Amino acid sequence: MRRKDREITDFNEMLEIMKKCDVCRIALNDEEFPYIVPLNFGLDIQVDKVLLYFHSAMKGKKLDLITKDNRAAFEMDCDHNFILYEERMSCTMGYASITGHGIIEFVPKEDKYEALKILMRHYHAEDFKFNTDMIKVTTVLKMTVTDMVGKRRNNIH
């Protein structure tokens, strides 16, 4: 990372940023160009392992690509704010972001309910009673994060 002064390496600090984000973008390998898609997600921590859960329809390009190659990159960001430096007549944006890589797998049907509860918990709806019949027509994905790094810019610099 070029700007080491903005790098976040503390695991817990990165988790706090992830908890604030409401969209995770994943980039999948698609021959000539990457295929990127924004997704709702759930975050689960097992010891020092980060797991991200996603839901999807039962068919589609994303699932076809994951079946061919389950390696993915991800990105999420939050805390956006416009920073104006009137005296310098310049501006920038503040943010906090996490990027990384992981391996995606399809969650087996017997584990889908618990995975979907993790996803709902991320949006503060852990008590939401969703229609379990929908599980039959929902694909649930789990990404095991292999590496990640955080970056932040605030109005101090």
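The values are calculated or read from the model by the stated rules, or taken from the named source; none is laboratory data. Worth saying up front: this structure is predicted, and the values here are computed from it rather than measured. Neighbour counts run over all protein chains shown; Cβ positions are idealised from the backbone, glycine included. In case anyone asks, the SASA skips ligands and DNA or RNA and just uses the protein heavy atoms, side chains included. Shrake-Rupley method; radii C 1.70, N 1.55, O 1.52, S 1.80 Å.
Data overview
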{"item": "Residue match in segment 138-156 (condition: of a type outside the set (Val, Ile, Thr), modelled with pLDDT of 85 or more and part of a helix (DSSP H, G or I))", "result": "no"}
{"item": "Identity of the residue in segment 13-69, closer than 21 Å to residue 121 by Cβ and acidic (Asp, Glu), that ends up modelled with the lowest pLDDT", "result": "48"}
{"item": "Members of segment 63-93 found to be under 21 Å from residue 118 (Cα atoms) and among the charged types (D, E, K, R), listed by number", "result": "75, 77"}
{"item": "Residues located in segment 109-130, provided they are open to solvent by 60 Å² or more (accessible area, probe 1.4 Å) and either in a loop (DSSP other than H, G, I, E, B) or touching a Cys at 6+ places or on another chain (Cβ under 8 Å) (or both)", "result": "123, 124, 126, 127, 128, 129"}
{"item": "Residue check for residue 72: farther than 20 Å from residue 121 by Cβ, in contact with a helix residue (DSSP H, G or I) (Cβ under 7 Å, 6 or more places away or on another chain) and crowded, with 17+ Cβ neighbours inside 10 Å", "result": "no"}
{"item": "Elements of type strands (runs of 3 or more DSSP E) in segment 1-67, at least 2 residues being over 13 Å from the mean Cα position of the chain (by Cα) and touching a residue at least 40 places away in the same chain (Cβ under 8 Å)", "result": "49-56"}
{"item": "Residue in segment 119-126 that is under 19 Å from residue 37 (Cα atoms) and in contact with a His (Cβ under 7 Å, 6 or more places away or on another chain) present", "result": "yes"}
{"item": "Residue in segment 83-97 that is within 18 Å of residue 147 (Cβ to Cβ), modelled with pLDDT of 85 or more and surrounded by fewer than 15 Cβ atoms within 10 Å (Cβ to Cβ) present", "result": "no"}
{"item": "Among the candidates 96, 72, residue that is in contact with a Leu (Cβ under 7 Å, 6 or more places away or on another chain) and not in a helix (DSSP H, G or I)", "result": "72"}
